[in-house]
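The values are calculated or read from the model by the stated rules, or taken from the named source; none is laboratory data. Remember, it's a predicted structure, so these values are computed and weren't measured experimentally. Note: ideal-geometry Cβ built from the backbone for every residue, glycine included; neighbour counts use all protein chains shown.
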Amino acid sequence: MKLAEGAVGTTQLIEQAVTSSKIADQSILPHKLADEAVTTRHIAKSAVRGPQIALQAITSAHLQREAVDNSHLAMESVGSAQLQQHAVLAGHLAPGAVTEEQLAYDSVTGEHLSPQSVSSTKLADGSVISAKLASGAVGGNALAREAVSGEHIAVCAVEEKHLADGSISDRVLQEEAVHAEHLAPGAVERRHLGENSVTSSALQSGSVSGDKLASGAVKEAHLAASIVQPHHLADHAVTSLKLSPESVSTDKLGDLSVTSIKLADGSVSASKLAALAVQSEHLAAGAVGPDSISDTSVQGRHLAPGSVGGAHIRPMSVGNGHIIPSSVSSIQIQDGSIGAAKLAEGAVASRHLAAGSVAGATWLNPR
């Protein structure tokens, strides 16, 4: 049977009458298709290629989940407008993919940094202030040599727990930086002191006691004129062992500076005194007793005129050799004090007798 051209229309076709074998190649054009007539089951595998797709024809509604991978994306086709918030995770980023220009201002906070990720090269000069540091965050291994100067340390910030043993040396301290309140009791030992480092201005009154001085440590060259005053000396601080021979001269002593409480018993021997060192103003009243004077040490030049009274002389202590010739006048002799035993033979010549001084009772054997 022969059909005229155009004789078969939609009404002449029964359902499912047109199969693939009935359709000639390239015979289905766009205007032949009803809206949404083509579904997934009508499309052969890999049948749809670029030329078959109109511009902007594919929307998100047409894409299955995870249907688009790297191979489907043109270079630089995905911009920030195509990304949802929090859509990019660490697994989506290639190593080194995020550079400075990809980061918004203030976008990197502490939670984004991995441990040990911030090195000194990442820090701008002056960027680390106290508010950025956690308590105990700065350890010795974090500091470069000589990185910390005085300007970096807050007032009273350095406590004993912050200092390593032996960390405080003379090169890190400013002049007069260390005061008494900075030192723990017993902290300063002899090995910590430089030569000539302790001057009088560094010592509190009474701070130098006998146990602080080595034997023979105090020499004349160490003492300024009149520098030693009573308030500098602890009780019994100056013993004979502390003084070098002839180290104490008159100009080293303040007036009345040496009192009996300052001297250990027997500490002042003749070798400790310079010539003429002890003058009357240095001696407290009654300070010189019999035990204070060594044998034959008192000579005429040591005695002030009229200074020796009868109470000062021991019985039988004045012999002929102690009296300067022609030095004893009548005013020095008590009445009746010269008996026969006191006179050497031939001692009394006529020039020694005052007029009318010899009475009958004066003679032992009157003749």
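Below are the figures for this structure:
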| item | result |
| --- | --- |
| Selection count where residues are under 30 Å from LEU73 (Cα atoms) and charged (D, E, K, R), scope the range 1-59 | 5 |
| Residues of the range 250-269 satisfying the condition of being under 42 Å from the mean Cα position of the chain (by Cα) and not in a helix (DSSP H, G or I) | LEU253, GLY254, ASP255, LEU256, SER257, VAL258, THR259, LEU263, ALA264, SER267 |
| Condition broken by SER260, with the remaining ones in (1) modelled with pLDDT under 75; (2) touching a helix residue (DSSP H, G or I) at 6+ places or on another chain (Cβ under 9 Å); (3) more than 30 Å from GLU175 (Cβ to Cβ) satisfied | (2) |
| Only listed residue being free of Cβ contacts under 8 Å to residues at least 40 places away in the same chain, hydroxyl-bearing (Ser, Thr, Tyr), farther than 23 Å from ALA284 by Cβ and in a loop (DSSP other than H, G, I, E, B), chosen from SER207, SER226 | SER207 |
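Each row is one residue, and each column tells you yes or no for (1) touching an Asp or Glu at 6+ places or on another chain (Cβ under 7 Å); (2) more than 30 Å from SER337 (Cβ to Cβ); (3) at pLDDT 70 or above.
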residue: ILE227; (1), (2), (3): no, yes, yes
residue: HIS231; (1), (2), (3): no, yes, yes
residue: LEU243; (1), (2), (3): no, yes, yes
residue: SER247; (1), (2), (3): yes, yes, yes
residue: ALA264; (1), (2), (3): no, yes, yes
residue: LEU276; (1), (2), (3): no, yes, yes
residue: VAL298; (1), (2), (3): no, no, yes
residue: PRO305; (1), (2), (3): no, no, yes
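Yes/no matrix, rows are residues, columns are (1) farther than 24 Å from HIS162 by Cα; (2) at pLDDT below 80:
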{"position": "TYR105", "(1), (2)": "yes, no"}
{"position": "VAL108", "(1), (2)": "yes, no"}
{"position": "GLN116", "(1), (2)": "no, no"}
{"position": "ALA124", "(1), (2)": "yes, no"}
{"position": "SER130", "(1), (2)": "no, yes"}
{"position": "SER135", "(1), (2)": "no, yes"}
{"position": "VAL138", "(1), (2)": "no, yes"}
{"position": "ALA142", "(1), (2)": "no, yes"}
